[in-house]
């Protein structure tokens, strides 16, 4: 549109009179054609740049250090007692990587350094040896709309501890887990924002080789984690 209009102006009678007037040093027709082609190329480049700008995605490359609290379900039971880890303050980090407009790859690591062994029996309950629980998981996150602040996450990973969840058993092994989380991101247009996540975990405890006779591992144990973090994304939309 613009190149055609420019050519029309250059061919108009007013422009021809300007060329005949020595006060207007107009170049020859070849230079005019080059100028027209350059203008057309600039218009095309500006239009292509506007069309190539990426649309808003559900997840951008980001990192979220977080702190929170974690709870743990029963790991082992016997005829006289059941054992688990005590709820503990936790810390960790979550990373995002875009996959499609609505999907992303999310990874999370966390540690609970004050998860003492918790024992329950018909005579009461109490705390025993100190334990540190750590976990890691990775999965797929999604938003129903790319601009929505709420997101969901489904993944899997492992959970372990500095000691087993039973008195007198020091050896601990990694147990597989399935994870489902719901999260909220505030002010996603900013490089820095607040992220809150509530994570649910199904752990699958395993019998240790030195677990006493009569003690069995639960088939599943429900763990949870409430996290509040500061999310940083260098590619946030502004």
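A few notes on this one:
- Flag: residue 119 does not match the condition of being in contact (Cβ under 8 Å) with a residue 60 or more places away in the chain, more than 15 Å from residue 58 (Cβ to Cβ), surrounded by 15 or more Cβ atoms within 10 Å (Cβ to Cβ) and in contact with a strand residue (DSSP E or B) (Cβ under 8 Å, 6 or more places away or on another chain).
- Some residue of the stretch 170-182 being loosely packed, with under 14 Cβ neighbours inside 10 Å, under 21 Å from residue 65 (Cα atoms) and either outside the structural domain of residue 203 (by TED's automatic domain parsing) or touching a strand residue (DSSP E or B) at 6+ places or on another chain (Cβ under 6 Å) (or both): yes
- Test: residue in the stretch 143-166 that is surrounded by 14 or more Cβ atoms within 10 Å (Cβ to Cβ), closer than 21 Å to residue 210 by Cα, in contact with a strand residue (DSSP E or B) (Cβ under 6 Å, 6 or more places away or on another chain) and modelled with pLDDT under 90: yes
- Unique match (being in contact (Cβ under 8 Å) with a residue 40 or more places away in the chain and farther than 24 Å from residue 125 by Cβ) among 166, 180, 144, 198: 144
- Subset of the stretch 88-126 [within 17 Å of the chain's Cα centre (by Cα) and assigned to a loop (DSSP other than H, G, I, E, B)]: 99, 100, 101, 102
The values are calculated or read from the model by the stated rules, or taken from the named source; none is laboratory data. If you're wondering where the values come from, they're calculated on a predicted model, not measured in any experiment. Reconstructed Cβ throughout: ideal geometry from the backbone, glycine too, with neighbour counts over all protein chains shown.
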